[in-house]
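Just so it is clear, none of the values below were taken in a lab; they were calculated from the coordinates. What you are looking at is a predicted structure, and each value in this text was computed from that prediction instead of being measured. Quick reminder, even Gly has a Cβ in these numbers, built from the backbone with ideal geometry, and neighbours come from all protein chains shown.
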Amino acid sequence: MKVAIVGIGIHPFGRTPGVSGRQQGAQAARAAMADAGVSWSDVQFAFGGSHSAGDADSLVADLGLTGVPFINVYNGCGTGGSALIAGRSAILSGQHDLGIVIGFDKHPPGAFNTDPASLGLGEWYGETGLMLTTQFFAMKIQRYMRLHGISVRTLAAVAAKAFRNGARNPNAWRRDPLDIDAVAASKMVNDPLTQFMFCSPGEGAVALVLSRADQAHRYTETPVLVEAAEFRSRRFGSFEVFSPWLSPESAPGPTVEAARATFEAAGIAPDDIDVAQIQDTESGAEIMHMAETGLCKDGEQEELIRRGATEIGGSMPINTDGGCLANGEPIGASGLRQIYENVLQLRGTAGERQVPGDPRVAFSHVYGAPGISACTVLTR
Amino acid sequence: MPDAARVERLVDESLFVPDAAQPTLRGAACDQCGTTTFPYQESCPRCGGTSMPSVPLPRAGTLWSFTVQNFEPKPPYRGPEQFEPYGVGYVDLGPVVVEARLSENDVEQLSLDLPVELVLVPAFVDDDGTQVVTFAFAPAVTS
């Protein structure tokens with residue numbers, strides 16, 4: 001038995017003043033149900049979450065009080081991926097035939113600020129200016145660039161591609177192309193990363209209707225199969241955000257294990273992937289995650305990106321919807337945005353940004369604090 | 001450098017070895033597996049051991065990675081009245097790699113494997129005028 005995605009819905013990403021995160025979630029859910037041709041009373045289960053826009057299960061007040069079991073997911077950047085894994089398991093177990101997963105969020109402008117005490121860190125860590133996610137990303141890529149020969153121009157090229165793809169995506173936040181020189185010349189935030197190499201906290205929502213694959217034809221002519229979905233947390237020795245110290249005994253991050261487990265479970269190799277959405281919290285993250293997920297080897301990114309391999313028309317299209325850089329980061333919604341984009345690409349309905357050559361296998365990857373990763377392989 | 005005429009305090013005394021001749025960071029070393037942590041913690045994140053004697057950490061090491069904080073962070077950050085960009089890095093001390101402020105904020109002066117040594121730098125001023133200092137690493141002075 002397999003699980004199919006039979007309906008997808010999105011509320012545009014970016015800033016929507018006057019519309020709450022919950023309302024965006026409800027709109028995405030209605031759109032996904034319309035896409036599948038089902039109504040809320042047909043939905044047998046729901047998993048959903050947001051990081052800072054309210055409890056997902058309260059959406060029953062908007063969508064209908066049908067008694068549906070609606071379970072909240074609160075897993076940081078892994079929220080969408082976790083909801084999908086839970087929904088898939090609910091069907092694979094035989095418990096249910098049809099259900100929905102929903103992710104939404106709405107964050108105020110500016111960098112996330114986190115209370116050190118919530119992570120077991122002393123006040124000194126925040127007071128002396130170390131409690132910033134942006135520093136972690138900067139120091140991870142700083143070291144990686146020197147060890148693996150990645151240039152600043154390649155960092156800028158990743159962001160320029162994101163904005164170019166975002167310009168072709170009607171649901172993206174940033175739709176103005178920005179060239180490599182403009183990205184590189186923008187305000188320095190944390191060396192070597194400039195303003196336009198970072199994504200910004202934002203808003204948005206995505207919902208997916210899932211069904212047993214053998215019943216998918218009831219809802220759609222173009223079911224997309226969830227071949228594998230795996231989640232991992234960090235091991236001792238991996239380099240993660242908000243670490244006052246590291247062990248000299250280093251270990252690969254959770255992305256490496258989650259990606260490997262996903263490919264193994266799907267029986268598919270990284271070489272077989274036709275399109276991929278991978279976590280691009282900043283442009284260095286996309287570069288490092290290319291290697292951590294197994295899509296290439298450490299150091300190959302410089303040449304791959306220079307010759308356009310990661311462009312929509314390239315051999316390894318990555319973040320075809322503009323990624324987090326062009327869509328922003330509503331934490332609860334980003335993971336499902338990647339799935340939404342991969343479904344469009346596999347259906348062949350991604351419009352101006354459709355990957356040519358009839359893609360059949362798609363990969364997605366999220367990474368977040370405090371060291372978690374979730375990956376999926378979809379096929380049709 | 002801190003003004004000697006003013007009253008000073010460490011940002012958090014538990015980070016430092018008490019009564020050391022020179023400022024020294026205080027870590028914990030697991031009796032079972034040897035893992036060294038900073039700051040001190042009561043149990044070992046690697047093996048779960050609960051015997052973690054406190055140990056002085058080396059005062060010199062090499063730069064493992066670095067960046068410069070160019071924008072003023074939101075609270076809980078407390079800085080000087082006039083924000084100045086500051087360096088941040090990870091320093092390989094041997095048994096442990098420690099995250100710290102860097103005294104240098106010119107990225108051109110920083111590089112991987114740069115020898116560095118522990119210093120105290122001003123962090124912020126308390127309401128009563130007490131100068132609060134924290135640990136940082138500075139490029140080592142070659143003698």
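With r defined as the distance between the Cβ atoms of A:Ala182 and A:Thr222 and R0 fixed at 45 Å, what FRET efficiency is calculated, to the nearest 0.05? Don't skip to the end; give the middle numbers.
On the way: r = 38 Å, r/R0 = 0.85.
Using R0 = 45 Å, I get an efficiency of 0.70.
Taking a straight line from the alpha carbon of A:Lys187, these aspartates and glutamates sit under 16 Å away, with near neighbours fewer than eight places off in the same chain left out: A:Asp179, A:Glu282, B:Glu72, B:Glu84, B:Asp106. Between the Cα long axis of helix A:254-266 and the first principal axis of chain A there is an angle of about 40°, rounded to the nearest 10. Taking chain A, the Cys residues with no second Cys beta-carbon under 4.7 angstrom are A:Cys77, A:Cys296, A:Cys375. You can think of it this way: the chain between A:Phe236 and A:Glu249 has 3.8 nm of extra reach, that is 0.36 nm per residue less the Cα-Cα gap. Averaged over the residues of A:241-252, the number of partner chain Cβ atoms lying within 10 Å of the residue Cβ comes to 5. Would segment A:69-185 count as rounded, prolate or oblate if I go by the C-alpha gyration tensor, calling it rounded below 1.5 in a/c and otherwise prolate when a/b exceeds b/c, oblate otherwise? Oblate, because a/c is 1.5 or more while a/b does not exceed b/c.
As a rough guide to protection, the peptides A:234-240, B:98-104, B:80-86 ranked by mean Cβ packing within 10 Å, highest first, stand as B:98-104, A:234-240, B:80-86. Between A:Ala117 and B:Leu10, the simple label model (points 7 Å from Cα in the Cβ direction) yields a spacing of 2.3 nm.
For peptide B:119-127, compute the average count of partner chain beta-carbon atoms within 10 Å of each residue's beta-carbon.
Numbers: counts 0, 0, 1, 0, 4, 3, 0, 0, 0.
For this peptide, the per-residue mean of nearby foreign Cβ atoms is 1.
How would A:Thr320, A:Thr154 line up from fewest to most surrounding beta-carbon atoms within 10 angstrom?
Details: A:Thr320 27, A:Thr154 20.
Taking fewest neighbouring Cβ atoms as first place, the list is A:Thr154, A:Thr320.
If both residues of a DSSP beta bridge must be in the protein assembly as shown, then about 80% of such bridges are antiparallel.
Within the shell of other residues whose beta carbon sits under 9 angstrom from the beta carbon of B:Tyr90, the net charge comes to -1, with Lys and Arg scored +1 and Asp and Glu -1.
Please give the net charge around A:Val19, taking every other residue with its beta carbon less than 15 angstrom from that of A:Val19, where Lys and Arg add +1 and Asp and Glu add -1. Before the final figure, lay out each step's value.
Numbers: positive: A:Arg15, A:Arg22, A:Arg30, A:Lys106; negative: A:Asp62, A:Asp105, A:Glu203.
Around A:Val19, the charge tally is +1.
Ordered by the number of other Cβ atoms lying within 10 Å of each residue's own Cβ, fewest first, A:Met197, A:Met316, A:Met131 fall into the sequence A:Met316, A:Met131, A:Met197.
Assuming 0.36 nm per residue, please report the length gained on full extension of the stretch A:Lys297 to A:Arg175 beyond their Cα-Cα distance. Can you show the working numbers first?
Working: separation 122, 0.36 × 122 = 43.92 nm, distance 3.11 nm.
Here the answer is 40.8 nm.
Taking the highest mean first, how do the peptides A:327-337, A:263-273 order by number of other beta carbon atoms within 10 angstrom per residue? All intermediate terms of the calculation are to be shown ahead of the outcome.
Values: A:327-337: 30.5, A:263-273: 15.5.
Result, highest mean first: A:327-337, A:263-273.
Of A:Gly313, A:Gly99, A:Gly80, the residue with the greatest mean-square motion in the GNM of chain A, using alpha carbon springs below 10 Å, is A:Gly313.
Going 7 Å from the Cα of A:Arg146 toward and past its Cβ, which residues in segment A:171-205 have a backbone nitrogen under 14 Å from where you end up? Under cut-off, by backbone N: A:191-192. Couplings for segment B:80-95, taken from phi via the Karplus curve 6.51 cos²θ - 1.76 cosθ + 1.60 with θ = phi - 60°, read x, 3, 9, 5, 10, x, 10, x, 9, x, 10, 10, 7, 9, x, x Hz in order; Gly and Pro are left as x.
Fewest-first ordering of A:Glu203, A:Glu302 by other beta carbons within 10 Å of each residue's beta carbon gives A:Glu302, A:Glu203. Taking A:Val19, A:Val206, A:Val60 in turn, the Gaussian network model of chain A (Cα-Cα springs below 10 Å) assigns the largest fluctuation to A:Val19.
Across peptide B:87-94, what mean number of C-beta atoms from other chains lies inside 10 Å of a residue's C-beta? Intermediate results must be reported in sequence, preceding the final value.
Working: counts 1, 10, 3, 9, 1, 2, 2, 1.
Average per residue, whole number: 4.
Across chain A, the relative contact order, built from alpha-carbon pairs under 8 Å that are at least six residues apart, equals 25 percent.
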